[in-house]
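One structure below.
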Amino acid sequence: MSIPAVAAALDVDRRTVYRFIAAGELPVVDLRTGTGRSRVRVPASGLEEFITSRSVPSPPARR
């Protein structure tokens, strides 16, 4: 998934996605094809694991 797609899925800014990557919380695949800028993608499975790792249980229902 592209960085903008991950940002949209998480409802955060692209810079936040890059911070998660820099912190090692989101895995990336570098699709660099030469000496130009790198093109990174986040595997969908990596995004799912990230979301799962940050999930918290729902609060109990009030009666």
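Compute the distance in nm between two label points, each set 7 Å from the Cα along the Cα-to-Cβ direction, one at Arg62 and one at Glu49.
Between Arg62 and Glu49, the simple spin-label model gives 3.9 nm.
Considering only protein heavy atoms and a probe of 1.4 Å, how much of the accessible area of the chain is carbon and sulfur, as a whole percent?
Roughly 52 percent of what the probe reaches on the chain is carbon or sulfur.
Before I look further, what does the chain give for accessible area per residue, probe 1.4 Å, in whole square angstrom?
Per residue, the chain has an accessible area of 81 Å².
With a cut-off of 8 Å between alpha carbons and a minimum separation of six or more residues, what is the relative contact order of the chain in percent?
Computed value for the chain: 29 percent relative contact order.
How much length, in nm to one decimal, is gained on full extension between Ser2 and Ala23, taken as 0.36 nm per residue of separation minus their Cα-Cα distance?
Difference between extended and current length: 5.8 nm.
Ordered by residue, what ³J(HN,Hα) values in Hz, to whole numbers, does the stretch 36-44 give under the Karplus form 6.51 cos²θ - 1.76 cosθ + 1.60, where θ = phi - 60° and Gly and Pro are x?
x, 4, 6, 10, 9, 10, 9, x, 4
In debye to the nearest 20, how big a dipole does the chain give about its Cα centre with +1 on each Lys and Arg Cβ and -1 on each Asp and Glu Cβ?
160
Between Asp30 and Arg15, what length in nm is gained on full extension when 0.36 nm per residue of separation is reduced by their alpha carbon distance?
3.7 nm
How long are the semi-axes of the equivalent ellipsoid of the chain, taking √(5λ) for every eigenvalue λ of the Cα gyration tensor, in whole Å from largest down?
Output for the chain: semi-axes of 30, 11, 9 Å.
The values are calculated or read from the model by the stated rules, or taken from the named source; none is laboratory data. Everything quoted here is computed from the prediction, not taken from an experiment. Here the Cβ is made from the backbone with ideal geometry for all residues, glycine too, and neighbour counts use every protein chain on show. We work out accessible area using only protein heavy atoms, side chains counted, and drop any ligands, DNA or RNA first. Shrake-Rupley method; radii C 1.70, N 1.55, O 1.52, S 1.80 Å.
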